[in-house]
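The values are calculated or read from the model by the stated rules, or taken from the named source; none is laboratory data. All figures in this text were calculated on a predicted structure; none of them were measured in a lab. So basically every Cβ, Gly included, is an ideal-geometry build from the backbone, and we count neighbours across all protein chains shown.
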Amino acid sequence: MNESIDGPSGVLSGRTILLAGGTSAAGLAVTEAARRAGATVVVVGRDAEKLTDVVARTGAETARCDLTDESAVAELADDVHRRFGPIDGILYLVGGWRGGGGLAGQSDEDYRFLEQSVTALRHVTRAFDQDLRSSDAARLAIVSSTAVARPLAGGANYAAVKAASEAWTRAVAQGFAKDAREREAPLRAASVIFRVKALAGLENTLAAAFVDLWATDAADLNDSVIDVA
């Protein structure tokens, strides 16, 4: 168990959190908030220079990985387990946006680019599923978009991929609930969707909302959608 930065009473004291795609401004904000709450934070990304910057700015642990590569994610899981043991939480921040041009402008090239985010989500959640099921307080959260509820023609590719990511995350939630029922145990893991219109300016709000997931009972969180505004 890791000692909390703010003392043993930190809500994330002794927890290990994985931030997938965590080199963004939002990732940095979440990293700092989670570390203040006592967590060991492992930031995963593809860009070595950005990961070096994360270490310099936050002191977090890092791992370099192409999350769209299934075998690389399996190696990542082995590395994380060797260095830190099982994890207790994942915040999935991998994404991007391409759009515009109405429905006719929704090219296959753009769709395939955007589709990488749901592919990586599938790899990460499968690789760490057993960790989350075994934790006494596990949380998985993704950052999705309000476009899922109100898709526009010019963002159809983007909305479709985000909808697929939400469906996968809800399936993870059902798996957590089923596992608890079969073991006749309390539900300890929760899978949650954060929806934002745009992350710019909401980085600290997202960070606080993510840390607060551990202050709420898993049964009240699992398979929920939380609007971040």
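Test residue 151 against the criterion of being touching a helix residue (DSSP H, G or I) at 6+ places or on another chain (Cβ under 6 Å), over 21 Å from residue 67 (Cα atoms) and either among the aliphatic types (A, V, I, L, M) or not in a helix (DSSP H, G or I) (or both), and give yes or no. Here the answer is yes, as residue 151 does meet what is asked.
Determine, yes or no, whether residue 30 is part of a loop (DSSP other than H, G, I, E, B) and surrounded by 14 or more Cβ atoms within 10 Å (Cβ to Cβ). Criteria not met by residue 30. Being surrounded by 16 or more Cβ atoms within 10 Å (Cβ to Cβ), modelled with pLDDT of 95 or more, in a helix (DSSP H, G or I) and within 14 Å of the chain's Cα centre (by Cα), is that true of even one residue in region 33-56? Taking every residue of region 33-56 in turn, at least one turns out to be surrounded by 16 or more Cβ atoms within 10 Å (Cβ to Cβ), modelled with pLDDT of 95 or more, in a helix (DSSP H, G or I) and within 14 Å of the chain's Cα centre (by Cα). Of all residues in region 203-227, those being part of a loop (DSSP other than H, G, I, E, B) and crowded, with 18+ Cβ neighbours inside 10 Å number 1. Report whether or not residue 80 is in contact with a helix residue (DSSP H, G or I) (Cβ under 8 Å, 6 or more places away or on another chain), crowded, with 20+ Cβ neighbours inside 10 Å and either aliphatic (A, V, I, L, M) or assigned to a helix (DSSP H, G or I) (or both). Spelling it out, it is not the case that residue 80 is in contact with a helix residue (DSSP H, G or I) (Cβ under 8 Å, 6 or more places away or on another chain), crowded, with 20+ Cβ neighbours inside 10 Å and either aliphatic (A, V, I, L, M) or assigned to a helix (DSSP H, G or I) (or both).
Checking each residue in region 85-103 for being surrounded by fewer than 17 Cβ atoms within 10 Å (Cβ to Cβ) and farther than 17 Å from residue 161 by Cα picks out 85, 86, 101.
Scanning region 57-77 for residues that are outside any helix (DSSP H, G or I) and modelled with pLDDT of 95 or more yields 60, 61, 62, 63, 64, 65, 66, 67, 68, 69.
Here residue 140 does not qualify as touching a residue at least 40 places away in the same chain (Cβ under 8 Å), closer than 16 Å to residue 176 by Cβ and assigned to a helix (DSSP H, G or I).
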